[in-house]
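Here is the structure we will look at, set down as structure tokens.
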Amino acid sequence: MLKKAVTMLIFSIALSGTAFAASSLYPCNIEYVDKNGILEIHKIYELNSDDDPSMIPNEDFQQYGYQYSLRDIIRTEMPEMETKELTEPITIDSQSNQMEAILPLIPPTKDIVTEDGFTGTLALDVSSIEIQSKGTATSSYTVTATRTYPNLAGADLQYIPKITTENGNTLQFSSVEWIAGNTANVDGYAITDSYTAIATYSGTATRSYNKGYTVSAEYKGTVSKTNLDKICYTAIFSGNKIQNVPAPSKNDNTLIFASVFPVLGVIGITSAVICLLIKKRKGVKNNENMEEIEKDTDVDNNDVSDNDDDIYPDLRP
């Protein structure tokens, strides 16, 4: 039973010590400042942006004969620069596959803003440029041609061919222009004895062409952003000299030790209680042993009396 009680007590102390440590907030730096004879202690804390600054201790305290009280807490943002390498691909269309025609289509630099807040200027990596053809296609177009037929006997279409060829394409007759040749006067009439025909032919032809090129390239460089995840808080304590400070006694030292190290104080008290419990338990056992010894003695005495009666029967009252 005693062992179980001791175990539970030690477990409670461990929990209280853990809670004490979790609730404590310690400065990352302490500065001692003398401002025109006024002593100040600056306790500096670095907190995350989502931490609660009310966790910062603000109680008065004494140190080296001075009483210190909180005068102010100063909040200072701690910007931190973060950088990373970034590659940004682009794709454009070009009607040519020649570099001298492609480079003017791609700017040499590109300003970038990423979704996670990084910014910077990237430079074109010329060695990353790749050109791919989009393939070929065909298209139709109109082909025309003219033919001249001189010295015709009359302005008659029967003298004009209805079909001709041009660069392998078959063209159909579409129109004609007649030019009169020699003219003679017969019985007061102007009679032309020859004609020249200028005939026009037209048709449809097809041709193949390259549909163009797809150009891909990469911009590369370093981008950066400023993080404000850390906030610096400076707790400023002003000191006033304590008048007539008594010399610390033995009891005062004990109180100071317990106030500075509360967990150790609790453990010390608990150890004393445990010792008392163990001592008390040992005392109970000793008493029980003494009672058993006394009982054994009484039994022995009774046995001796009975034996005496048997040995000296005449002395019996």
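What follows draws every value from the coordinates through simple rules; no lab data is involved. Predicted model only: the values in this text are computed from it and were never measured. All Cβ positions, even for glycine, are placed from backbone atoms using ideal geometry, and neighbour counts span all protein chains on display.
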Unsatisfied cross-links (Cα-Cα over 21 Å) in the set Lys43/Lys225; Lys110/Lys211; Lys110/Lys220; Lys84/Lys225: Lys43/Lys225; Lys110/Lys211
Lys, Arg +1 and Asp, Glu -1 on Cβ, resulting dipole of the stretch 92-243 about Cα centre, debye, nearest 20: 720
Most to least packed among 233-239, 47-53 [average Cβ atoms within 10 Å]: 233-239, 47-53
Percentage relative contact order, the stretch 115-197, counting C-alpha pairs under 8 Å, at least six apart: 28
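With the alpha-carbon atoms as the only input, what is the per residue convex hull volume for the stretch 69-158 in Å³?
Values: hull volume 22.2 nm³, N = 90.
That works out to 247 Å³ per residue.
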Point-to-point label distance, Thr91-Thr183, nm (Cα→Cβ direction, 7 Å offset): 7.1
GluC sites (Glu not before Pro) within the stretch 104-200, DSSP loop, no more than 12 other Cβ atoms inside 10 Å: Glu115
